[in-house]
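One structure is given here, and the rest of the page talks about it.
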Amino acid sequence: MISRFKSKGKTLYQLYDTVFIHCPKCDKKAVIRKTDNTKQLTCTACSYTKKGSLPLHTYFPKLWLRTRCGRHELWAINPEHLQYIKEYVSAKLRERTKDPESGWSNQSIESRLPQWIKSAKNRDLVLKCIKKLEERL
Ligand SMILES: [Zn+2]
């Protein structure tokens, strides 16, 4: 069976609204959400909250969805991002459609994926790592 992957041309930037991280206080799952012009970190486990600009690079090392995958590291900022990578990797036939607004974009997530994720020979390995991450959700 041929599965098709239709690029939605979505960019990582559009996904940045929600980021899953390890809570800085209790290390359980916490979420950073973008609100109007600020961001809020909320941990449902210990009720820790923090408001501010919360730049992603500060929290990048603490990403919740992050795991070693072979010689590499697989990470996703949130479940939607993970699902997106999964759909991409699972698809045997990849095609891109032109976005009516931005046209052909090299900003899309799949065009930014590292080569080892795109490589067909790593597909099974990557899917296994994705599954591992899904179990954390
Ligand atoms: Zn916490």
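The values are calculated or read from the model by the stated rules, or taken from the named source; none is laboratory data. Predicted model, so just to flag it, every value in this text is computed and none were measured. All Cβ positions, even for glycine, are placed from backbone atoms using ideal geometry, and neighbour counts span all protein chains on display. For accessibility, only protein heavy atoms count, side chains too; no ligands or nucleic acids. Shrake-Rupley method; radii C 1.70, N 1.55, O 1.52, S 1.80 Å.
Numerical summary
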quantity	calculated
Odd one out for Arg123 among (1) at pLDDT 95 or above; (2) more than 23 Å from Thr11 (Cβ to Cβ)	(1)
Count of the range 16-69 residues which are open to solvent by less than 50 Å² (accessible area, probe 1.4 Å), of a type outside the set (Val, Ile, Thr) and either in contact (Cβ under 8 Å) with a residue 24 or more places away in the chain or in contact with a His (Cβ under 8 Å, 6 or more places away or on another chain) (or both)	10
Where Leu74 falls short, out of the listed (1) at pLDDT 90 or above; (2) aliphatic (A, V, I, L, M); (3) open to solvent by 20 Å² or more (accessible area, probe 1.4 Å)	(3)
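Residues are listed down the side, and each one gets a yes or a no for (1) closer than 19 Å to His81 by Cα; (2) of a type outside the set (D, E, K, R); (3) near the ligand (Cβ under 8 Å from one of its atoms); (4) modelled with pLDDT under 95:
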site: Phe20; (1), (2), (3), (4): yes, yes, no, no
site: Cys23; (1), (2), (3), (4): no, yes, yes, no
site: Lys34; (1), (2), (3), (4): yes, no, no, yes
site: Thr42; (1), (2), (3), (4): no, yes, no, no
site: Ser47; (1), (2), (3), (4): no, yes, yes, no
site: Leu54; (1), (2), (3), (4): no, yes, no, yes
site: His57; (1), (2), (3), (4): yes, yes, no, yes
